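The structure appears right after this line, and notes come after that.
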Amino acid sequence: MKRASLGKYLALGAASMVLAAACSSSGGTSATTAPSAAAPSTAASEAAPSTSASGGSTGEAVKIAFIAGQIGITFYTGVECGAKAAAKEFNVDLNWTGSHNWDINETRPLIDAAKATNPQGWVISPTDPDALISDIEGFMAAKQWTVTIDAPMSKPVELQNIQSNHYEGGKTAAAAMLKHGVARRFAFWILNLPGVGKSTTGVILAFGAITCLLSAFVSNTATVAMLLPTAIGIIAVIGKLLQHRGDVEPDFDPQRLRVGAAIMLMLAYGASVGGLLTPVGSPPNLIGRGLIEEATGERISFFQWMTLALPICLLMFVLSTVAVAQGQPGGGRGVVREGLLEFLLQPSYDRMPRRELFAFHHLVERFEQLAAPRPHSAPASWSQAPASPAW
Amino acid sequence: MSEETLTETPPMAEPPTSADTGAFARPEDAPEGASGNRLMRSLRGATSIWLALFIVALAIGFGIASALEYGSPVYLKVDNLLSIGLNAAQIMVLAMGMTYLIGAGHLDLSVGQSLILASVLAAKVMVAVGGTPEQVAADQYPNLGLAITLGVLTAILAGAGIGLLNGLIVTRLRLSSFIVTLGTSGLAYGIALVLTSAANVAFIPDQIQQGFGGLKLFGFMPAPLALALVIAAIMWWFLRRTRFGLRTLAIGSSKEASIRAGVDVNRHTLRLFVLMGVLVGIAAVIDIARNANTNVVGHQTDSLQAIAAVVLGGTSLFGGVASVGGSVLGSLVPVMLQNGLVILQVEPFYQFAVVGIILILAVYFDQRRRERAT
């Protein structure tokens, strides 16, 4: 789902970029400055005026050949939908084709065939980083502006290379999860785990553990982006339960729950802690491992890394749980020995938002762009929720 | 074992059908049933002729269709037709060996994976001989000539080695070549992946791409296509004009009869597999030269494509009838179809289906035509 919906943006971005290049008489200078897939709508809107200008004068559709890398998989179906939508929008005569496998020997005949049609622009999935260099150099020399997508070339001979933005992908997936209620389902599932629903601490623990595990294999940012709707879902569910039991006013805002801040904190902490667990958990691990291997000549295997990281992760997880669960009503006190961390942090969520400040900083780091409220994510204002007057 | 012995030895057992025996024999050394032989010979030739006509019709059809779409018959541009040949070159080379093997009643399903292994070994040799790791990483190859020579030799030897292994298992252990080569394909692929950790070999000299893979002889003829056509000519000559070709078809027609005629069937089969291996090595060189890279994730359907080309060309899957010319044309058909469909902007999913349907129809009509002829 993530790749698929992203694919559309990717194609849209790519198509509009080629278009911008094909239409601009200055030789693609405007296209090189066009934004990447991260902001496809901007790219499209920038490209649009140039299209209508040149399209209006000539009335001819711009011919673009699209050689996809692996048609038949969801990702490229998404790319296809996006490319065709963009083609319609910008009056492009799009020749969409692609190889069945990610195989340069399947891609070549397609490129050669499309060559005969003399397109004005190309979008190519380079199924080999080296093999297509001379071809693309030829296209560029012939002013058939070429954009590569989904994989890089070994030399930057093309106009622009566009690849998936996993952060945006995670965001899109998160928005979709929230919109279609998957998040709520997942939240119910977590709350339903044996022992979890009995106390807020249980919820925090379970949620933190899941965040950790996911983050161990997925990038930290993507994990947060994916689990954020679930977290909001959990808070909403707890709020509803409280309303149902009559513990709070009917118009009670679930975002004012103390446990809400704790779950959000757990999300941030858990993602960072879990990211350490495996070499692939976050990029610094791989870089660090590479440096260590280079310096010492020792190879660190996946499991060696994990055995090393597991105790550290466990310790950090326990500490962060203690820190977060501290100050929770009810269950929180059962876990945390009273006064253990008194010197560290004061459990006053309402008045002195020190931890929130820290958490907000932490989250802002991860969600530079997510803070803006989205129309379809109802509780999107969560980031402003904790003690907003204080800042 | 001489030709005379083959023709003079009275058949101890009745060959399966007169048509099959006629297929491998030539008029000058097969006095008995000469008229049937001539008929079969002409018919065998006719398959290639029909295929050639089909290809011309296909080209004209796509030419007209592309002219309607683009205002000029872009499909029939010389560049486009030659690029079709160039893209068919690898399968063409493989189909040559496959023609012999299928003609002799065997199959080789390992060609694609052997090709990967051969190209990986060749690439490793090229990079290792080309210069020190620092030099090759900086695009400098002090021993370029030697590196490429040794690389090409490695590819051919590696291919021949796998062919030898296939042949030895088939002849010594008496297993079906279908299963044996299925097994060795896994073996070759596994070794290639172990050697490379599934990553392509880096720093293969670009010069091989400029000097051969992307080279156009006389300014228009792609060098790999020229090589494939030269190989095809040699293979055609061997099949039609030498004892080697005769025995190949004799074995495919009736193994029993060949043994009784004194042909060392095992040794000949072994040679055929090694020949296939050598051609795999050559195809591997073409692969490296075209891409300036190995392609360890590709080539999964090479053997099936080669078999399809061979069968389309009129070679019998049951052995005994083989046509090199037909295989050359057969290897062009799928590429021509795909090329035309891309130019006509047919949805790619339909393209797969169309190629498949036309393959079946072509073989069906050929078979019907032959049945009617006999």
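A few remarks follow.
- Applied to segment B:249-258, the Karplus parametrisation 6.51 cos²θ - 1.76 cosθ + 1.60 on θ = phi - 60° returns per-residue 3J(HN,Hα) values of 6, 4, 5, x, 6, 7, 4, 4, 4, 5 Hz, with x for Gly and Pro.
- Peptide B:286-297 - average C-beta neighbours from other chains (10 Å radius): 4
- Checked against a 25 Å cut-off, the cross-linked pairs A:K88/B:K77; A:K115/B:K124; A:K115/A:K155; A:K88/A:K143; A:K84/A:K143 give Cα-Cα distances beyond that limit for A:K88/B:K77; A:K115/B:K124.
- Highest-first arrangement of A:86-98, B:302-314, where packing means the average Cβ count within 10 Å: B:302-314, A:86-98
- Mean Cβ neighbour count within 10 Å, used as a protection proxy, ranking A:66-78, B:126-138, B:316-328 highest first: B:316-328, A:66-78, B:126-138
- Residue mean of other protein chain beta carbons inside 10 Å, B:347-359: 2
- For A:Q160, the residues whose modelled amide H falls within less than 5 Å of its own, excluding neighbours fewer than 5 places apart on the same chain, are A:T148.
- Computed over neighbours whose Cβ is under 9 Å from that of B:H299, the net charge equals -3, Lys and Arg +1, Asp and Glu -1.
- For the segment B:83-89, counting C-beta atoms of other chains within 10 Å of every residue's C-beta and taking the mean gives 3.
- Solvent-free Debye scattering, log10 I(q)/I(0), computed from the Cα coordinates of segment B:3-373 at q = 0.09, 0.12 Å⁻¹: -0.54, -0.93
- Amide H contacts under 5 Å for A:F66, placed H, 5+ residues apart: A:N95, A:W96, A:T97, A:V123
- Each of B:L182 and B:A138 was given a label point 7 Å from its Cα along the Cα-to-Cβ line. The distance between the two points is 5.2 nm.
- Rough spin-label spacing in nm, given labels placed 7 Å along Cα→Cβ, for B:K255 and B:V194: 3.0 nm
- Less than 5 angstrom separates the built amide H of B:V321 from those of B:S316, all sequence-distant by 5 or more or on a different chain.
- Between B:L317 and B:V78, the C-beta separation translates, for a Förster distance of 35 Å, into a calculated FRET efficiency of about 0.50.
- Förster-model FRET efficiency, 45 Å R0, B:I64 and A:Q163, C-beta, rounded to 0.05: 0.65
Every number here is computed from the coordinates shown, using simple stated rules; none is lab data. Quick caveat, the model's predicted, so the values are computed rather than measured. Neighbour counts are summed over all protein chains in view; Cβ atoms, including those assigned to glycine, are modelled from backbone coordinates with ideal geometry.
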